[in-house]
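The values are calculated or read from the model by the stated rules, or taken from the named source; none is laboratory data. Just so we're clear, the structure is a prediction, and the values are computed from it rather than from any experiment. Here the Cβ is made from the backbone with ideal geometry for all residues, glycine too, and neighbour counts use every protein chain on show. The protein model used for the area step is the full one, side chains on, heavy atoms only, and it has no ligands, DNA or RNA in it. Shrake-Rupley method; radii C 1.70, N 1.55, O 1.52, S 1.80 Å.
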Amino acid sequence: MDVMIQWTYITPKKQELVLTSDFLPAAEALRLAEDFEKTGRVKELCFIDQNHVTWSKKELNKLLKEVETEPHDVIAYFDGGFDNETLQGGAGAVIYYKQNNEQYRLRANRQLDELKSNNEAEYAAFWFLMQMLEELGVHHLPVIFRGDSHVVLKQLSGDWPCFEDDHNAWLDRIEEKINELGIQPIYEPISRKQNKEADQLARQAMEGQMITSMMELTEKG
């Protein structure tokens with residue numbers, strides 16, 4: 001989690017200046033804030049994250065301690081599939097994360113109904129991934145999102161516009177959930193080959209084979 005430090009500095013002539021730092025990793029920001037306070041010239045100090053949420057030093061310290069026992073270092077994969085003949089869709093999601101100094105992998109899929117295209121299946125798959133992250137307890141952390149749907153990731157990042165009303169509705173829902181969870185998204189489009197786990201899960205969902213599994217990994221996957 002990256003935050004910006006904002007503090008009121010009192011000059012030797014008793015003038016007050018409100019100063020801000022660049023965005024820094026939260027642990028580093030806390031260390032710098034302690035150095036600032038040692039000068040005896042800091043009147044007020046807080047931290048602001050990339051979702052514009054303000055944190056006190058006590059709140060940020062508490063959050064960092066919680067992170068050690070909650071899911072973090074999250075890399076999340078998604079993929080959606082759609083059969084034009086049967087109109088049956090499927091979503092696959094894979095989440096790698098650390099918790100209590102251990103590495104885990106969570107895999108799940110879901111059948112998708114009432115969709116119109118493969119593109120819509122990709123948005124629905126990303127939404128399914130967001131629901132998984134929420135259930136896992138991921139919040140107020142950077143999350144790396146990977147998928148072979150470059151359209152979805154480029155639109156979420158703001159690099160590409162979206163002109164379809166149906167697709168915009170999915171994007172709005174996804175972005176609202178990202179903001180609600182305080183997630184700092186990092187979008188990384190990948191090739192279909194690199195996304196084979198999520199792709200297989202989506203295909204299995206379309207075939208009626210439902211999967212939910214969690215595995216502790218001996219090394220990072």
Handout entry: Wholly within the range 126-219, helices (runs of 4 or more DSSP H) carrying at least 2 residues that are among the charged types (D, E, K, R)
Key = 165-181, 196-206
Exercise for the section: Confirm whether ALA205 is modelled with pLDDT of 95 or more, among the small types (Gly, Ala, Ser), touching a helix residue (DSSP H, G or I) at 6+ places or on another chain (Cβ under 7 Å) and over 30 Å from PRO25 (Cα atoms). Expected result: no
Exercise for the section: Mind listing whichever residues of the range 1-50 are surrounded by 13 or more Cβ atoms within 10 Å (Cβ to Cβ) and more than 30 Å from ILE178 (Cβ to Cβ)? Expected result: THR8, TYR9, ILE10, PHE36, GLU37, ARG41, VAL42
Exercise for the section: Would you tally the residues in the range 52-81 being within 20 Å of TYR97 (Cβ to Cβ) and within 18 Å of the chain's Cα centre (by Cα)? Expected result: 16
Practice task
Scan the range 51-68 residue by residue and report those that are under 17 Å from LEU133 (Cβ atoms) and either open to solvent by 30 Å² or more (accessible area, probe 1.4 Å) or aromatic (Phe, Trp, Tyr) (or both).
Solution key: ASN51, GLU66
Exercise for the section: Any residue in the range 154-170 that's within 17 Å of TRP127 (Cα to Cα): show its pairings with residues that are loosely packed, with under 15 Cβ neighbours inside 10 Å and of a type in the set (Phe, Trp, Tyr) at Cβ separation under 6 Å, as long as the two are six or more apart or on different chains. Expected result: LYS154/TRP160
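Looking only at residues that are open to solvent by less than 40 Å² (accessible area, probe 1.4 Å) and more than 18 Å from the chain's Cα centre (by Cα) in the range 155-181, which one is modelled with the highest pLDDT?
Applying the filter and picking the extreme gives HIS167.
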Practice task
Working only within the range 74-100, note down all residues that are in contact with a Pro (Cβ under 9 Å, 6 or more places away or on another chain) and either open to solvent by less than 20 Å² (accessible area, probe 1.4 Å) or under 18 Å from GLN184 (Cα atoms) (or both).
Solution key: VAL74, ILE95, TYR97, LYS98
Handout entry: Flag for GLN103 being outside any helix (DSSP H, G or I) and surrounded by fewer than 17 Cβ atoms within 10 Å (Cβ to Cβ)
Key = yes
Exercise for the section: Go through the residues of the range 121-136 one by one and say whether even a single one is open to solvent by 70 Å² or more (accessible area, probe 1.4 Å) and under 23 Å from PHE82 (Cβ atoms). Expected result: no
Practice task
Name, by its number, the condition in (1) in contact with a Ser or Thr (Cβ under 9 Å, 6 or more places away or on another chain); (2) within 17 Å of HIS139 (Cα to Cα); (3) assigned to a helix (DSSP H, G or I) that does not hold for VAL67.
Solution key: (1)
Exercise for the section: Report whether or not ILE144 is of a type in the set (Val, Ile, Thr), open to solvent by less than 20 Å² (accessible area, probe 1.4 Å) and in contact (Cβ under 8 Å) with a residue 12 or more places away in the chain. Expected result: no
Problem - Enumeration of residues in the range 87-105 that are touching a residue at least 60 places away in the same chain (Cβ under 8 Å) and farther than 13 Å from MET130 by Cα - result: GLN88, GLY89, GLY90, TYR96, GLU102, GLN103, TYR104, ARG105
